[in-house]
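The values are calculated or read from the model by the stated rules, or taken from the named source; none is laboratory data. The model shown is predicted, which means the values in this text are computed figures rather than measured ones. Note: ideal-geometry Cβ built from the backbone for every residue, glycine included; neighbour counts use all protein chains shown. Just so you know, the surface numbers come from the protein's heavy atoms only, side chains and all, with ligands and any DNA or RNA stripped out. Shrake-Rupley method; radii C 1.70, N 1.55, O 1.52, S 1.80 Å.
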Amino acid sequence: MEIEKDNLLEVSINEVNLEKSKKTKENRAPYIITSLIFILIAIILISFTLGRYTISLPELFEVFTGKVFGLAPTWPSTIETVLFNVRIPRILVAIMVGAALSSAGATYQGLFKNPMVSPDILGASAGAGFGAAMAILMSFGNVGIQITAFIFSLCAVFLSYILSKIIGRNNNVVMILVLTGMVVSNLFSAFTSITKYVADPESKLPAITFWLMGGLSSVTSNQVIVLLIPLSIAIVPLYLLRYKINVLSFGEEEAQAMGIDTGKLRLIFILCATLLTAASVSVSGMIGWVGLIIPHIARLIVGPNYKVLLPTSLLIGGIFMLVVDNIARCIFVTEIPLGILTSIIGAPFFIYLLLKGRKGWV
């Protein structure tokens with residue numbers, strides 16, 4: 001009896017300490033978010049100066065000041081070309097892709113009550129990969145590849161959702177959705193393998209392989225606008241409804257007891273997270289680990305409350321992707337695909353999480 005009492009007391013003390021830790025993290029969240037915004041701005045300024053064509057900060061401010069106030073150019077035209085045609089689009093796309101993938105990952109993890117879930121859980125990345133491979137095989141241009149990848153990404157998630165509704169019949173909805181997502185993901189991966197098998201090994205196969213590795217080397221200013229539209233459409237509902245993810249993480253019955261239409265809400269979150277993932281993957285290729293590890297880092301900093309977790313994940317994701325992209329284009333003479341770097345960084349961190357065995361992620 002004494003041992004049982006001691007164990008119960010220890011459990012109670014641990015729960016109290018955990019609750020105090022969560023409240024402390026939430027209280028300091030505004031300061032953390034403000035700090036992350038300043039860090040992001042600083043990295044953006046540094047990113048402008050990095051690359052094969054070096055641009056100093058005074059030159060950067062001179063160009064921007066001249067453009068804002070309509071001054072006559074006193075700088076080389078090369079600087080203006082590099083900044084507005086290459087660096088600015090790439091920096092903006094890197095931030096948006098990182099923010100989108102991390103937000104989608106955080107949403108899926110709360111939705112499925114599983115901290116090991118990533119944005120490609122329902123087959124979005126596999127569908128985009130097959131769409132891009134088919135587009136490259138059919139000699140589509142960059143815009144065609146992007147549109148085809150986006151469409152197939154949405155189709156893969158739609159197929160997963162429809163199959164889960166048919167098979168599950170409102171029983172074990174979350175589990176069935178995950179399982180159908182795995183099936184659809186493997187199916188589209190097999191289609192991609194077939195496409196690579198029949199592709200011309202001299203030209204088409206290397207292009208497909210390089211796209212699947214992920215990267216931002218071919219980003220243009222037009223893609224910034226194209227990416228911004230679906231991201232804005234998806235981020236706004238997620239941000240406004242983010243507190244309801246906390247309710248869904250309690251469980252199906254508890255959420256319904258609170259008067260939440262779980263089916264409708266789950267569909268909204270899946271649509272928004274899928275739109276974020278599909279738009280990002282269609283532009284950047286298949287970049288793994290971002291949507292898995294960034295929400296974990298955000299939880300370590302601000303706790304599991306989605307009111308602060310989602311914006312924190314968004315900012316950290318943008319910072320992370322921008323830093324990784326800077327490394328990818330500067331560390332060697334030839335640019336390294338982003339998917340390789342994110343895997344090198346993400347895999348050890350994932351192992352660290354498994355070893356640490358943290359509880360209460362959501």
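Of all residues in region 282-297, which are over 30 Å from Ile136 (Cα atoms) and open to solvent by less than 10 Å² (accessible area, probe 1.4 Å)? Across region 282-297, the qualifying residues are Ile293, Ile294, Pro295, His296. Just one of the listed residues (Leu354, Leu322, Leu267, Leu315) is part of a helix (DSSP H, G or I), open to solvent by 20 Å² or more (accessible area, probe 1.4 Å) and at pLDDT 95 or above, namely Leu315. It is to be established whether one or more residues within region 40-58 are open to solvent by 40 Å² or more (accessible area, probe 1.4 Å), farther than 21 Å from Leu315 by Cβ and touching a Leu at 6+ places or on another chain (Cβ under 9 Å). There is at least one residue in region 40-58 that is open to solvent by 40 Å² or more (accessible area, probe 1.4 Å), farther than 21 Å from Leu315 by Cβ and touching a Leu at 6+ places or on another chain (Cβ under 9 Å).
Applying the criterion of being touching a helix residue (DSSP H, G or I) at 6+ places or on another chain (Cβ under 9 Å) and either free of Cβ contacts under 8 Å to residues at least 24 places away in the same chain or outside any helix (DSSP H, G or I) (or both) to the residues of region 332-342, the residue that is surrounded by the fewest Cβ atoms within 10 Å (Cβ to Cβ) is Glu335.
Listed by position, the helices (runs of 4 or more DSSP H) enclosed by region 83-199 that each have at least 1 residues that are more than 29 Å from Pro304 (Cβ to Cβ) and within 19 Å of the chain's Cα centre (by Cα) are 88-111, 124-137, 142-168. Determine whether Leu300 is open to solvent by 10 Å² or more (accessible area, probe 1.4 Å) and without any contact (Cβ under 8 Å) to a residue 60 or more places away in the chain. Considered against the rule, which asks whether it is open to solvent by 10 Å² or more (accessible area, probe 1.4 Å) and without any contact (Cβ under 8 Å) to a residue 60 or more places away in the chain, Leu300 comes out as yes.
Please specify each residue of region 212-247 satisfying the condition of being assigned to a helix (DSSP H, G or I) and touching an Asp or Glu at 6+ places or on another chain (Cβ under 9 Å). Val247, the sole residue that qualifies. Of note, Ile167 does not satisfy the criterion of being of a type in the set (A, V, I, L, M) and either touching a Phe, Trp or Tyr at 6+ places or on another chain (Cβ under 7 Å) or modelled with pLDDT of 90 or more (or both).
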